[in-house]
1. How large is the dipole of the chain about the Cα centre if only Lys and Arg carry +1 and Asp and Glu carry -1, each at its Cβ, rounded to the nearest 20 debye?
2. Cα-Cα over 23 Å: which of 33/132; 160/201; 21/220?
3. Output the 0 to 90 degree angle, nearest 10, between the alpha-carbon long axis of helix 205-215 and the longest principal axis computed from the alpha carbons of the chain.
4. Excluding residue 174 itself, calculate the net charge of residues whose Cβ lies under 10 Å from the Cβ of residue 174, where each Lys or Arg counts +1 and each Asp or Glu counts -1.
5. Write out the cysteines belonging to the chain for which the nearest other cysteine Cβ is not under 4.7 Å, or none if no such cysteine exists.
6. Can you tell me the 0 to 90 degree angle between the C-alpha axis of helix 154-174 and the longest principal axis of the chain, rounded to 10?
7. Can you tell me the 0 to 90 degree angle between the C-alpha axis of helix 225-235 and the longest principal axis of the chain, rounded to 10?
8. Under 8 Å for C-alpha pairs, at least 6 residues apart: give me the relative contact order for the chain, rounded to a whole percent.
Amino acid sequence: MDLGIEGKVAMITGGSRGLGKQAAQCLAREGCKVSICARGAEQLEATVAELAAQGYQVHGTQADVTSDEDAARFHQETISSLGHPDILVNNVGGRRGSAVFEETTLEQFREGIEVNLISAFRLVALVLPHMKEQGWGRIINISSIYGREHGGSIDYMAGKAGLIAFSKHLALQLAPTNVRVNCIAPGSIDFPGGSWDRFQKTNSPEVVSEFIARNLPAGKFGWPEPIGEMVAFLASDRADLVTGACINVDGGQSKSLF
Ligand SMILES: NC(=O)c1ccc[n+]([C@@H]2O[C@H](COP(=O)([O-])OP(=O)(O)OC[C@H]3O[C@@H](n4cnc5c(N)ncnc54)[C@H](OP(=O)(O)O)[C@@H]3O)[C@@H](O)[C@H]2O)c1
């Protein structure tokens with residue numbers, strides 16, 4: 001399906017592996033020029049090389065999106081090498097504290113809110129002026145099932161729930177400007193080097209089976225490709241009028257938590 005976004009510039013935070021990498025892959029396949037960032041140089045360079053070898057136009061910046069300076073540099077380098085971003089995917093996120101309040105420090109809670117929520121604000125502030133000026137833009141925020149239902153660490157759940165509310169608020173404000181804002185709430189997605197890969201490698205088969213039986217109605221973990229496809233769809237004109245939505249890609253996982 002031609003999604004009609006050929007030539008658009010897409011900026012994806014945290015695109016060196018996992019869901020962000022898959023989003024970059026799917027957008028690049030649609031003809032977008034893609035700009036990714038990550039803190040770690042090695043994996044970033046490998047992913048940039050992999051996408052370039054497939055014939056895609058790709059840029060990588062080593063940057064931490066919890067830093068104002070790094071985020072601004074990522075934005076500037078994207079403009080210099082590919083052009084102004086038309087599409088922003090706020091993909092970076094992760095847990096900092098624990099599932100238990102008493103085992104989570106205020107500093108960890110702050111860091112969790114910073115990485116899962118405030119980094120998205122920071123990036124939106126950088127790309128929005130151009131999107132509004134040209135009357136076209138797409139912002140896609142990657143939340144989590146744990147932003148909708150109970151689960152994960154307390155900072156992660158609060159940050160991801162905040163990201164859903166942030167997306168909805170921004171979406172309604174920007175609806176008249178043709179800048180569309182949506183959110184995806186993935187379930188448990190497994191890929192080499194990801195958190196569920198580590199979970200399966202560091203726990204006994206009994207613990208893993210019990211987790212799958214209790215939480216995953218399909219009897220298996222999800223995989224990154226459907227998330228990337230959903231990002232590409234939401235970035236397209238085919239998704240025009242889809243705004244302020246939070247779409248679950250979770251294999252029914254959210255239902256199992258009730
Ligand atoms: N995997 C799942 O089951 C799942 C489920 C629901 C929601 N999600 C959400 O989906 C998003 C991606 O998940 P994932 O599993 O693909 O994560 P991941 O394996 O941790 O990968 C995250 C990517 O972001 C980069 N990154 C992390 N922190 C960064 C920072 N501060 N600044 C710049 N780059 C940073 C990582 O590279 P570096 O480490 O080198 O920086 C990597 O490229 C996250 O928001 C996550 O919360 C994931």
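Quick note: the coordinates plus some simple rules give every number you see, no bench work behind them. Please read these numbers as outputs of a predicted model, since none were measured by experiment. All Cβ positions, even for glycine, are placed from backbone atoms using ideal geometry, and neighbour counts span all protein chains on display.
1. Once rounded to the nearest 20, the dipole reads 420 debye.
2. From 33/132; 160/201; 21/220, over 23 Å: 160/201.
3. Its long axis makes an angle of about 70 degrees.
4. +2
5. Lone cysteines by the Cβ rule: 26, 32, 37.
6. Between the helix axis and the principal axis of the chain, the angle is about 30 degrees.
7. It is inclined by approximately 40 degrees.
8. 20
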